[in-house]
Amino acid sequence: MIKKLRMAALLLALPLSVHSQIQKFGGKGQIDWNAKTITATGIGAPNPKFPAVTARPMAIQAARSVALRNALEIMKGININSTTTVENFMVTSDVITKKVQGFIRTFDESEPKYMSDKTIEITVTIPIGKDMMEALLPSEVGSRAKAHKIAKGKSGSAFTGLIIDARGMKVMPAIAPRILDEDGKEIYGSAYVTRKFAQKWGMAGYAKSPEQAKKMTDRVGKSPGIIKAIQVKGASKTDLVVSNVDANDIKAASASMKFLSDCRVIILVD
């Protein structure tokens, strides 16, 4: 209910330190969905057949190559939506493949870390920027979005964002997740947002708690509402189902509020 959303928003005021929403990829590295970065690590070993003055730079280069290869594997594993990953996208498009390979080359590199066993560790960080988002967003993103005025509730306050609580459902982050009602009808998805905001923000942000999400005012503003998801859907577990009651409230709000078309949505995950 709209009143329910407004009341729930008031519960988000308790202080809590903000921790990044991290998606780990085994020993290869991780994605920080809040900072929008891919971080990957590589280790290189010096060749004992070469003198130290030569072997060390070669080990650094080897570590860098492994880190970049791991970064590419991480990027391939990003969920575009519930059925498609970046790797699937690359298979169908040489253009996307070249762009992804180009994004990998935009890395920042840490100082080499010299290990006790004489191996060398390098960490690379790749930003998930606007150009990358534009390349990976499905073509239908923004196809039907409309700009709306922000509607005010009875108290005079306006909702500035939407938080969906999906904790305990093992939801996986995605570039273009969807929100469905109990009948499977899409109430928030790629066709209902403004493309320029999807490029900037992604379709949804991710956080671990209402308190953390509340601090992300650049994403959901100062007066977000909150609802509870009832189910996760899709092969990759990226889509959420909300009750028909809540779905109707979201649809009613989207008829007059701007935050949905501006992708001002955060999903709470474990």
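The values are calculated or read from the model by the stated rules, or taken from the named source; none is laboratory data. Values in this document were obtained by computation on a predicted structure and should not be read as measured data. As a convention, Cβ positions derive from the backbone with ideal geometry for all residues, glycine included, and neighbour counts pool all protein chains shown. The accessibility values were calculated without ligands, DNA or RNA, using every heavy atom of the protein model including side chains. Shrake-Rupley method; radii C 1.70, N 1.55, O 1.52, S 1.80 Å.
Taking +1 at the Cβ of each Lys and Arg and -1 at the Cβ of each Asp and Glu, which of 244, 29, 81 sits farthest along the dipole of the chain towards its positive end, judged by Cα position relative to the Cα centre?
244
Work through the residues other than residue 189 whose Cβ is under 9 Å from its Cβ and net out their charges, Lys, Arg +1 and Asp, Glu -1.
-2
Is it possible to state the helix-based mean residue ellipticity at 222 nm for the chain, with each DSSP H run of 4+ residues giving -39500 (n - 2.57), the sum divided by total residues, to the nearest 500 deg cm²/dmol? What is it?
-9000 deg cm²/dmol
For the cross-link pairs 237/258; 76/98; 36/185; 76/208; 200/258, which exceed 20 Å when the distance is taken from alpha carbon to alpha carbon?
With Cα atoms farther than 20 Å apart: 237/258; 36/185; 76/208.
Please list the non-local residues whose amide H lies under 5 Å from the amide H of residue 169, H modeled 1.01 Å from N, same-chain partners needing a gap of 5 or more.
270
Taking Cα atoms, how many degrees apart are the long axis of helix 94-104 and the longest axis of the chain, rounded to 10 and kept between 0 and 90?
70
About the Cα centre of the chain, how large is the charge dipole given +1 on each Lys and Arg Cβ and -1 on each Asp and Glu Cβ? Please answer in debye to the nearest 20.
Using Cβ point charges on Lys, Arg, Asp and Glu, the chain gives about 640 debye.
How long are the three semi-axes of the equivalent ellipsoid for region 220-270, computed from the Cα gyration tensor as the root of 5 times each eigenvalue, in whole Å, largest first?
20, 14, 11
Hey, what's the chain come to in accessible area per residue, 1.4 Å probe, Å²?
The answer is 50 Å² per residue.
Just how far, in whole angstrom, is region 198-252 from region 107-140 if you go by their alpha carbon centroids?
Here the answer is 28 Å between Cα centres.
Ordering 206, 192 by accessible area with a probe of 1.4 Å, largest first, what comes out?
192, 206
Sorting check: for 112-122, 129-139, which peptide has the highest mean count of neighbouring beta carbons within 10 Å, and how do the rest follow?
Packing proxy ranking, top to bottom: 129-139, 112-122.
Debye sum, Cα scatterers, region 50-139, no solvent: what log₁₀ I/I(0) at q = 0.12, 0.18, 0.25 1/Å?
-0.46, -0.80, -1.23
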